[in-house]
1. Tilt of helix 4-35 relative to the longest C-alpha principal axis of the chain, in degrees (0 to 90, nearest 10)?
2. Would you please put 190-202, 227-239, 109-121 in order of how densely packed they are, using the mean number of other Cβ atoms within 10 angstrom per residue and starting with the highest?
3. List the relative contact order of the chain as a percent without decimals, with contacts defined as Cα pairs under 8 Å and 6+ residues apart.
4. What 222 nm value per residue comes from the helices of the chain, counting each DSSP H run with n ≥ 4 as -39,500 (n - 2.57) and dividing by all residues, nearest 500 deg cm²/dmol?
5. Can you check how the C-alpha radius of gyration of the chain compares to 2.2 N^0.38 Å, as a plain ratio?
6. If I take R0 = 45 Å and measure r between the Cβ atoms of Met8 and Leu170 in this structure, what FRET efficiency does the formula 1/(1 + (r/R0)^6) give, to the nearest 0.05?
7. Among Thr176, Ile22, Ser292, whose Cα sits farthest toward the positive end of the charge dipole of the chain (+1 at Cβ of Lys/Arg, -1 at Cβ of Asp/Glu, about the Cα centre)?
8. Give, rounded to the nearest 20 debye, the magnitude of the charge dipole that the chain has about its Cα centre when Lys and Arg contribute +1 at Cβ and Asp and Glu contribute -1 at Cβ.
Amino acid sequence: MRNPISSMREIVIRFLGLIEEIRARIAHLDRQVAEHADEIRALSFDVRVGKAAAIDLSFDLLVKTDPRYRDKRHVGAAHGQVYSQNNEDGVIAEIFSRVGTTKKTFVEIAAGNGIENTTRLLLDLGWSGTWVEAGDAEARSIRQLMAGPISDGRLVFLQKKVDRNNVVDLLHNALTGELDFLSLDIDYNTSHIWSALKSLRPRVVCVEYNAHFPPTVDYEVPYIADGVWDGSTRFGGSLKAMERIGRDAGYNLVGCDIFGVNAYFVREDLCDEATFLAPFTAETHYEPPRYSAVRMRGHGRYAKSAH
């Protein structure tokens with residue numbers, strides 16, 4: 001009878017040999033990668049640049065071929081990205097060039113880290129306003145980056161999670177006089193918070209909508225006070241729901257950004273068909289979700305030495 005210990009020893013020896021063989025193959029692959037590292041990096045860069053160029057080209061063609069974009073009253077394809085996630089900076093500037101301002105004041109709920117949002121450029125251009133943000137890391141970033149505007153009173157920062165019961169009092173305590181611009185992007189409860197803010201009456205509203213839903217469908221997620229987006233298609237409200245909320249509050253839907261992220265509304269007394277593309281409906285202004293094309297084009301927001 002064969003000695004079990006000898007059999008086990010042979011198995012272990014073969015196993016160790018196999019491990020050594022695998023290690024040798026990995027070492028060989030590492031050497032090959034190192035030898036061709038520059039080529040791999042260049043290829044990766046070319047792929048990224050090629051993809052970005054293809055996206056830019058596709059959007060250029062879309063703007064040129066879709067008759068809506070050739071209409072001068074259309075605002076969704078306006079150029080401009082300084083601090084915004086996509087072209088919100090350009091759309092906001094275009095709308096205010098048509099409707100004017102009063103005190104150049106804004107409110108942004110869910111202001112992020114202060115590096116990327118829809119009102120940072122307005123602040124740079126001399127506006128004043130209020131940012132609301134609940135996140136701890138984001139709040140630290142805002143207090144550090146915006147120490148100057150906060151100290152001189154041009155920016156009021158409120159670290160607070162809003163719900164439809166507290167948002168009105170929270171903002172009314174911070175606001176004085178007429179409001180020019182309101183931005184809402186709180187992922188899950190966006191539509192419900194906007195419904196609660198009808199008394200603010202800003203000139204222009206930018207509100208995130210859920211572009212997964214067809215433009216004819218009026219849908220809002222059920223209200224949950226502490227609701228958080230789970231990364232799925234179930235969040236916020238459809239464009240038709242936002243149109244309804246806006247219409248009930250006295251606003252016209254004048255466009256959506258080309259990426260299908262934000263919808264823009266102008267107060268009815270400032271809006272007419274000669275200035276903005278009508279009819280002011282979801283069916284007219286709907287843009288599908290082009291989220292994969294959302295990126296920072298051109299140079300970064302800060303020099304590398306500033307990080």
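Laboratory data are not the source of any read-out in this text; all were calculated from the coordinates shown. Every value quoted in this text rests on a predicted model; they were computed, and no experiment measured them. Cβ sites come from the backbone with ideal geometry, for glycine too, and all protein chains shown count toward neighbours.
1. Approximately 50 degrees, to the nearest 10.
2. 109-121, 190-202, 227-239
3. Working: 455 pairs, mean separation 45.8, N = 307.
With pairs under 8 Å counted, the relative contact order is 15 percent.
4. -12500 deg cm²/dmol
5. Working: Rg = 26.0 Å, N = 307, 2.2 N^0.38 = 19.4 Å.
It is 1.34.
6. On the way: r = 72 Å, r/R0 = 1.59.
After rounding, the FRET efficiency stands at 0.05.
7. Of Thr176, Ile22, Ser292, it is Ile22.
8. On the way: 37 positive and 42 negative charges, 115 e Å.
Roughly 560 debye for the chain.
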